[in-house]
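The values are calculated or read from the model by the stated rules, or taken from the named source; none is laboratory data. Predicted, not measured: the structure shown is a model, and the values here were computed from it. In this analysis, Cβ positions are derived from the backbone assuming ideal geometry, glycine residues included, and neighbour counts consider all displayed protein chains.
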Amino acid sequence: MAYDKFNILKSTAVPLPIENVDTDQIIPARFLKATERKEFGDNLFRDWRYNTDGSPKADFVLNNSRYSGKILVGGKNFGSGSSREHAAWAIYDYGFRCVVSSFFADIFKNNTLNIGVLPVTVSPEFLVKIYAALDADPKTELEVNLPDQTITLLATGEKETFAIDGYKKHNMLNGFDDIDYLQAMKSEIQSFAKQMVL
Amino acid sequence: MSNTPKTLFDKVWDAHVVRSIQDGPDVFFIDRHFIHEVTSPVAFLGLKNRGVKVMFPEKTFATADHNTPTINQHLPVEDPLSANQLKALEENAAAHGISHWGLGNPKNGIVHVVGPENGITLPGMTVVCGDSHTSTHGAFGAIAFGIGTSEVEMVLSSQCIMQAKAKKMRINVNGKLGKGVTSKDVALFIISQISASGATGYFVEYAGEVFENMSMEGRMTVCNLSIESGARGGMIAPDETTFAYLKGKEKAPKGDAWDTALEYWKTLKTDEGAQFDKELNYNADEIEPQITYGTNPGLGTGISQNIPFASTVKDGEASYKKSLAYMGFAEGEKLIGKKVDYVFLGSCTNGRIEDFRAFASIVKGRKKADNITAWLVPGSHVVEQQIKDEGILDIITAAGFQLRQPGCSACLAMNDDKIPAGKYAVSTSNRNFEGRQGPGSRTLLASPFVAAAAAVTGMVTDPRDLL
């Protein structure tokens, strides 16, 4: 099941300068009861975004009309904790196509790549620059260029390169997923399985 | 043939690589796949949409645990969404010929408790589940880690996932643990030293006397918490303790197959001179009973210590202060004597028989404090039965506690077991994240001894004073 292709994304961004944002914050467990992948975006950052009576919390960035865009910029160790892919789904469903941080938790990073949301790891210094730029001008734009593996602050032209393995990059550029790849090598897997003892 | 010394992790990893993709991940073969009701339904939908069958149904095992009630399990599940997920698991398992231990099945329990106790998890295997605490199974010398739902679909459809090999870290803890210091304390201590992201990108091998002397239950607790330092997983080389635990377990090999397996399992250790990307050393006498005070598992300390000042912590000050504000704690405060409202004994971290024995050893002859609501939740029906058979139920009942039925319960509070907003819970589970145990709940992670000490005194108490 292919996902959206990712090539060059030029967008404003939403800053979330908090460290160790865990997947329980991205989507709390009580919203994991669906048996289909839909409407998870409504509960993205549920308990930071809404009061218990359902009214929006004015001080949370998703409720701040000055900020919007397809890029979410999070603090160090973003996506730690639970392996719930629902966290990546919620980010996608809300409208983000790219998450930027100085450091991602492993499982979350895999989950985003598997659904076509690009995780971009920048240096701590560049992350600070992005936050400063967004603070100064919420309408400032970032460009994430996957073919060149660069992220650029368009206002100043400052840029950094980011890492992604060649296989995943090819998948993202073309909207291919791993399952198609694995389906195409089933006989090789069958032979491999036969020689496993346990 | 290369004679390069290999780590335990290398040996198991290399034996499972079907194909190495150039400038990409390995196609990695999975021996055992556990599924539960929360992270599998969308994967089965994916199979349906592609018109694909489960490739090896005998290698996948389903159990219901995350979203199940822990009282009145004989009655229909009240929450329609939860009931729907449980039904989906049952139907998907039946449609694809997968073993299913649903609610009410005597084998039912938390996935990371029932896998090992039935001998499904074995040394040298690769084990995955759509749950980050799959790292638990590394206690057997398996490579075990949590995966997302897309990867669950990969395993169902091809018995493989795409994984880049992690870097290797070894954590050695030598010496003898002091009175009242458990495997949980060792794990929380390590996380407090390296932080909640200190092992991200690594697979950890735990080595040294402390782990060699640990029971399988203790090793499972340690490996379970690997993910809380960011590690993909953790593992411990199998030894006589492992083999004795597995011998005779229902799904463990028998007869000649056991002998063959045993011969292989004995080779599963890190060779002399094998290289790690990082190696850390600690001594057991540095470790006292631990407790967390913040909103990630790295924010913990010895129970006799004070809450650190923001200026001394490694993470950013703003995030640290936000964390303490959520907890209602101040820098420099003592932890001993802090009032507690709830005690939770259970979860895939500390829901095994040894944990209930530890809890009972402290509450025996004492009474539950009046201000405490306690939820004692066994990890499985097998553990529940052991609690009864060993007389532990009588001890805890006499002390004013009740035993609930198995499940993940208040660890993630998907069911009705939610700590109310603003209340403090000493929990033997694995995460103290904001709202983890219910919206607004405040969690202090600790061992079963510390939980028991809080349960009978109503406050944070050093368990060594009661042992």
Q) For the stretch B:294-372, list the helices (runs of 4 or more DSSP H) that sit wholly inside it and hold at least 3 residues that are within 14 Å of another protein chain (Cβ to nearest Cβ); which are they? A) B:317-327, B:347-350
**Q.** Those residues of the stretch B:435-465 which are within 14 Å of chain A (Cβ to nearest Cβ) and surrounded by fewer than 24 Cβ atoms within 10 Å (Cβ to Cβ), in sequence order
**A.** B:Gly438, B:Pro439, B:Gly440
Q. Restricting the first residue to the stretch B:389-414 and requiring it to be over 15 Å from B:Asn350 (Cα atoms) and within 12 Å of another protein chain (Cβ to nearest Cβ), which pairs with a second residue that is in a loop (DSSP other than H, G, I, E, B) and polar (S, T, N, Q) meet a Cβ separation below 7 Å and a spacing of at least six or different chains?
A. B:Ala413/B:Gln437; B:Met414/B:Asn67
Q: Name every residue in the stretch B:229-255 that is within 13 Å of the chain's Cα centre (by Cα) and in a helix (DSSP H, G or I), in order of residue number.
A: B:Ser229
Q | Subset of the stretch B:212-265 [surrounded by fewer than 20 Cβ atoms within 10 Å (Cβ to Cβ), touching a residue at least 12 places away in the same chain (Cβ under 8 Å) and among the basic types (Lys, Arg)] | A | B:Lys249, B:Lys251
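Looking at the structure I just gave you, is B:Ser40 out of contact with any His (no Cβ under 8 Å at 6 or more places or on another chain) and under 29 Å from B:Val12 (Cα atoms)?
Values: out of contact with any His (no Cβ under 8 Å at 6 or more places or on another chain): yes; under 29 Å from B:Val12 (Cα atoms): yes.
Criteria met by B:Ser40.
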(Q) For the list (1) away from every other protein chain (no Cβ under 14 Å); (2) without any contact (Cβ under 8 Å) to a residue 24 or more places away in the chain; (3) of a type in the set (Phe, Trp, Tyr), I need the number of the one condition that A:Phe6 fails. (A) (2)
Q. Of all residues in the stretch B:175-191, which are crowded, with 23+ Cβ neighbours inside 10 Å and closer than 20 Å to B:Gly294 by Cα?
A. B:Lys184, B:Asp185, B:Val186, B:Ala187, B:Leu188, B:Ile190, B:Ile191
Q) Looking only at the stretch B:12-47, which residues are more than 11 Å from chain A (Cβ to nearest Cβ) and over 26 Å from B:Cys348 (Cβ atoms)? A) B:Asp14
Q. Would a scan of the stretch B:430-439 turn up a residue that is modelled with pLDDT of 95 or more, of a type in the set (Asp, Glu) and in contact with a Phe, Trp or Tyr (Cβ under 7 Å, 6 or more places away or on another chain)?
A. yes
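Yes/no matrix, rows are residues, columns are (1) farther than 30 Å from B:Ser229 by Cα; (2) in contact with an Asp or Glu (Cβ under 8 Å, 6 or more places away or on another chain); (3) touching a residue at least 12 places away in the same chain (Cβ under 8 Å); (4) among the β-branched types (Val, Ile, Thr):
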position: A:Gly79; (1), (2), (3), (4): no, yes, yes, no
position: A:Ala88; (1), (2), (3), (4): no, no, yes, no
position: A:Val120; (1), (2), (3), (4): no, no, yes, yes
position: A:Val128; (1), (2), (3), (4): no, no, no, yes
position: A:Ala133; (1), (2), (3), (4): yes, no, yes, no
position: A:Pro147; (1), (2), (3), (4): yes, no, yes, no
position: A:Phe162; (1), (2), (3), (4): no, no, yes, no
position: A:Ile179; (1), (2), (3), (4): no, yes, yes, yes
Q: Scan the strands (runs of 3 or more DSSP E) fully inside the stretch B:1-92 and keep the ones with 2 or more residues being without any contact (Cβ under 8 Å) to a residue 12 or more places away in the chain.
A: B:17-20
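Just name the residue that is farthest from the other protein chains (Cβ to nearest Cβ) out of those in the stretch A:156-179 that are within 19 Å of A:Leu118 (Cα to Cα) and exposed (fewer than 15 other Cβ atoms within 10 Å of the Cβ). Spell out how you get there, then give the answer.
Pass one, the stretch A:156-179, residues within 19 Å of A:Leu118 (Cα to Cα): A:159-179.
Narrowing the set further to residues that are exposed (fewer than 15 other Cβ atoms within 10 Å of the Cβ) leaves A:161, A:163, A:166, A:170, A:173-175.
Details: A:Thr161: 16, A:Ala163: 11, A:Gly166: 3, A:His170: 8, A:Leu173: 14, A:Asn174: 14, A:Gly175: 14 Å.
By that ranking, first place goes to A:Thr161.
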(Q) Regarding the stretch B:148-168, can at least one residue be identified that is crowded, with 23+ Cβ neighbours inside 10 Å, under 20 Å from the mean Cα position of the chain (by Cα) and more than 13 Å from A:Ile107 (Cβ to Cβ)? (A) no
Q | Any hit, the stretch A:26-35, residues being over 22 Å from B:Gly201 (Cβ atoms) and basic (Lys, Arg) | A | yes
Q. Looking at the stretch A:180-198, which of its residues are surrounded by 13 or more Cβ atoms within 10 Å (Cβ to Cβ) and either of a type outside the set (Val, Ile, Thr) or assigned to a loop (DSSP other than H, G, I, E, B) (or both)?
A. A:Tyr181, A:Leu182, A:Gln183, A:Met185, A:Lys186, A:Glu188, A:Gln190, A:Phe192, A:Ala193, A:Met196, A:Leu198
Q) Yes or no: A:Lys129 part of a loop (DSSP other than H, G, I, E, B) and surrounded by fewer than 24 Cβ atoms within 10 Å (Cβ to Cβ)? A) no
Q | Residue list for the stretch B:51-76, filter: within 11 Å of chain A (Cβ to nearest Cβ) and either at pLDDT below 95 or under 25 Å from B:Ser429 (Cβ atoms) (or both) | A | B:His66, B:Asn67
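Counting just the residues of the stretch B:122-133 that are at the interface with chain A (Cβ under 8 Å from one of its Cβ atoms) and in contact with a strand residue (DSSP E or B) (Cβ under 6 Å, 6 or more places away or on another chain), which one comes out nearest to B:Ala237 (Cα to Cα)? Let's see the steps before the verdict.
Filtering the stretch B:122-133 for residues at the interface with chain A (Cβ under 8 Å from one of its Cβ atoms) gives B:122, B:124-125, B:130-132.
Now drop any that are not in contact with a strand residue (DSSP E or B) (Cβ under 6 Å, 6 or more places away or on another chain), which leaves B:125, B:131-132.
Working: B:Met125: 12, B:Asp131: 23, B:Ser132: 21 Å.
So the residue we want is B:Met125.
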Q) Among the numbered criteria (1) among the charged types (D, E, K, R); (2) facing chain B (nearest Cβ under 10 Å); (3) without any contact (Cβ under 8 Å) to a residue 60 or more places away in the chain; (4) within 20 Å of B:Gly46 (Cβ to Cβ), which single criterion is violated by A:Asp93? A) (2)
Q | Which listed residue is in contact with a Ser or Thr (Cβ under 7 Å, 6 or more places away or on another chain), outside the structural domain of B:Pro406 (by TED's automatic domain parsing) and modelled with pLDDT of 95 or more, from B:Val38, B:Val111 | A | B:Val111
**Q.** Odd one out for A:Asn114 among (1) within 14 Å of chain B (Cβ to nearest Cβ); (2) within 21 Å of A:Leu16 (Cα to Cα); (3) under 16 Å from the mean Cα position of the chain (by Cα)
**A.** (2)
Q | Meets criteria (charged (D, E, K, R), away from chain A (no Cβ under 13 Å) and out of contact with any strand residue (DSSP E or B) (no Cβ under 6 Å at 6 or more places or on another chain)) for B:Lys6 | A | yes
**Q.** Counted residues, the stretch A:58-90 - those being touching a strand residue (DSSP E or B) at 6+ places or on another chain (Cβ under 8 Å), more than 13 Å from chain B (Cβ to nearest Cβ) and in a loop (DSSP other than H, G, I, E, B)
**A.** 4
Q | Breaking point among (1) within 13 Å of chain B (Cβ to nearest Cβ); (2) touching a residue at least 24 places away in the same chain (Cβ under 8 Å); (3) more than 24 Å from B:Asn224 (Cβ to Cβ), for A:Phe108 | A | (3)
